[in-house]
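Colleague: The following block contains the structure, expressed as structure tokens.
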Amino acid sequence: KTQVEQSPQSLVVRQGENCVLQCNYSVTPDNHLRWFKQDTGKGLVSLTVLVHENDKTSNGRYSATLDKDAKHSTLHITATLLDDTATYICVVGDRGSALGRLHFGAGTQLIVIP
Amino acid sequence: EAAVTQSPRNKVTVTGGNVTLSCRQTNSHNYMYWYRQDTGHGLRLIHYSYGAGNLQIGDVPDGYKATRTTQEDFFLLLELASPSQTSLYFCASSAGQNYAEQFFGPGTRLTVL
């Protein structure tokens, strides 16, 4: 059973527009949540990590929120660029140590067009 | 320089073939991981290790062996490859404490005919 669901599955936006990606999960316990960016044919690169209830983070044009009560996270991308074209993957960790498991979503494929 | 490297980047073999995927990290991390990524699925953990000589079973270990020869090197072995093992394989390393970030290699695309 998939424990991390991402939506939308894919998204097309025009350069300069903002977009919001969603992540809902059922992982318990939910120690932390991390968003990764995966360029086509490349490895995953971390964008941000959220740890606490109602955490908010910001990393340049990327910002993220976490609602642990609702088991929900959003990733906002502001003023998209062509280089933002990638798959964005939500990952939930069920422990604060390496003994825990990471639960990966299938990703949202974002395409930014001129 | 990339801190996690994988080789080969692409590999084609036949059913029943013997394949070894290599991973090296220069992060001085204790933990290393092997994942597979398939369309429509999140990454799935095959094996992981927390040091040279150590091996832990992941969530989808069937058909795979692994060996950690040094802190830097982690290998994934497919001794009798099957078409179901056609996938994109990623290696990662992490320091392992708390919510330490995992650093990923560029991936190896394996095709089993």
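Residues checked against (1) more than 12 Å from chain A (Cβ to nearest Cβ); (2) of a type in the set (Lys, Arg); (3) out of contact with any helix residue (DSSP H, G or I) (no Cβ under 7 Å at 6 or more places or on another chain); (4) in contact (Cβ under 8 Å) with a residue 12 or more places away in the chain:
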site: B:5; (1), (2), (3), (4): no, no, yes, yes
site: B:15; (1), (2), (3), (4): yes, no, no, yes
site: B:18; (1), (2), (3), (4): yes, no, yes, yes
site: B:38; (1), (2), (3), (4): no, no, yes, yes
site: B:44; (1), (2), (3), (4): no, yes, yes, yes
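Colleague: Just the residues that are surrounded by fewer than 20 Cβ atoms within 10 Å (Cβ to Cβ), within 14 Å of chain A (Cβ to nearest Cβ) and touching a strand residue (DSSP E or B) at 6+ places or on another chain (Cβ under 8 Å), please, taken from segment B:75-97.
Modeller: Within segment B:75-97, B:88, B:95, B:96 meet the criteria.
Colleague: Any residue at all in segment A:82-89 that is within 9 Å of chain B (Cβ to nearest Cβ) and under 10 Å from the mean Cα position of the chain (by Cα)?
Modeller: Kept after step one, since they are within 9 Å of chain B (Cβ to nearest Cβ), are these residues of segment A:82-89: A:89.
If we keep only those that are under 10 Å from the mean Cα position of the chain (by Cα) too, we end up with A:89.
Yes; the residues of segment A:82-89 include at least one that is within 9 Å of chain B (Cβ to nearest Cβ) and under 10 Å from the mean Cα position of the chain (by Cα).
Colleague: Within 13 Å of the chain's Cα centre (by Cα), surrounded by fewer than 20 Cβ atoms within 10 Å (Cβ to Cβ) and not in a loop (DSSP other than H, G, I, E, B), is that true of residue B:111?
Modeller: No; evaluated as a whole, the condition is false for this residue.
Colleague: Still on this structure, please answer the following. Check segment B:50-61 and report whether any residue there is within 25 Å of residue A:35 (Cα to Cα), hydroxyl-bearing (Ser, Thr, Tyr) and more than 11 Å from the chain's Cα centre (by Cα).
Modeller: Checking segment B:50-61: at least one residue is within 25 Å of residue A:35 (Cα to Cα), hydroxyl-bearing (Ser, Thr, Tyr) and more than 11 Å from the chain's Cα centre (by Cα).
Colleague: Could I ask something else about it? Can you pull out the residues in segment B:101-113 that are under 17 Å from residue B:74 (Cβ atoms) and either within 7 Å of chain A (Cβ to nearest Cβ) or at pLDDT below 95 (or both)? Quick ask: steps written out before the conclusion?
Modeller: From segment B:101-113, those under 17 Å from residue B:74 (Cβ atoms) are B:102-108, B:110; that's our starting set.
Scanning segment B:101-113 gives B:102, B:103, B:104, B:105, B:106, B:107.
Colleague: Name the residue, out of A:92, A:20, A:27, that is touching a residue at least 40 places away in the same chain (Cβ under 8 Å), away from every other protein chain (no Cβ under 11 Å), under 29 Å from residue B:29 (Cβ atoms) and touching a His at 6+ places or on another chain (Cβ under 8 Å).
Modeller: Values: A:92 fails: away from every other protein chain (no Cβ under 11 Å); A:20 fails: under 29 Å from residue B:29 (Cβ atoms).
Answer to the selection: A:27.
Colleague: Could I ask something else about it? Are any residues in segment A:75-98 out of contact with any Leu (no Cβ under 7 Å at 6 or more places or on another chain) and modelled with pLDDT of 95 or more, and if so, which ones?
Modeller: Keep residues of segment A:75-98 that are out of contact with any Leu (no Cβ under 7 Å at 6 or more places or on another chain), which gives A:76-83, A:87, A:94-98.
If the condition is that a residue be out of contact with any Leu (no Cβ under 7 Å at 6 or more places or on another chain) and modelled with pLDDT of 95 or more, then A:76, A:77, A:78, A:79, A:80, A:81, A:82, A:83, A:87 are the ones that fit.
Colleague: I would also like to ask the following. Within segment A:22-36, identify whether any single residue is in a loop (DSSP other than H, G, I, E, B), among the acidic types (Asp, Glu) and surrounded by 13 or more Cβ atoms within 10 Å (Cβ to Cβ), and answer yes or no.
Modeller: To start, the set of residues in segment A:22-36 that are in a loop (DSSP other than H, G, I, E, B) comprises A:26-31.
Keeping just the survivors that are among the acidic types (Asp, Glu) gives A:30.
Filter again for surrounded by 13 or more Cβ atoms within 10 Å (Cβ to Cβ), leaving A:30.
Yes.
Colleague: Where the second residue is buried (at least 17 other Cβ atoms within 10 Å of the Cβ) and basic (Lys, Arg) and the first is touching a residue at least 24 places away in the same chain (Cβ under 8 Å) and lies in segment B:67-96, which pairs have Cβ atoms under 6 Å and are six or more apart or on separate chains?
Modeller: Matching pairs, first to second residue: B:72/B:24; B:73/B:24; B:74/B:68; B:87/B:36; B:89/B:36.
Residue-wise test of (1) outside any strand (DSSP E or B); (2) surrounded by fewer than 16 Cβ atoms within 10 Å (Cβ to Cβ).
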{"residue": "A:48", "(1), (2)": "no, no"}
{"residue": "A:53", "(1), (2)": "yes, yes"}
{"residue": "A:58", "(1), (2)": "no, yes"}
{"residue": "A:66", "(1), (2)": "no, no"}
{"residue": "A:69", "(1), (2)": "yes, yes"}
{"residue": "A:73", "(1), (2)": "no, no"}
{"residue": "A:88", "(1), (2)": "no, no"}
{"residue": "A:112", "(1), (2)": "no, no"}
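Colleague: Across segment B:62-74, what is the total count of residues that are within 17 Å of residue B:36 (Cβ to Cβ) and in contact with a strand residue (DSSP E or B) (Cβ under 6 Å, 6 or more places away or on another chain)?
Modeller: Filtering segment B:62-74 for residues within 17 Å of residue B:36 (Cβ to Cβ) gives B:62-66, B:74.
If we keep only those that are in contact with a strand residue (DSSP E or B) (Cβ under 6 Å, 6 or more places away or on another chain) too, we end up with B:64-66, B:74.
Qualifying residue count for the region: 4.
The values are calculated or read from the model by the stated rules, or taken from the named source; none is laboratory data. Source: prediction; values computed, not measured. Cβ sites come from the backbone with ideal geometry, for glycine too, and all protein chains shown count toward neighbours.
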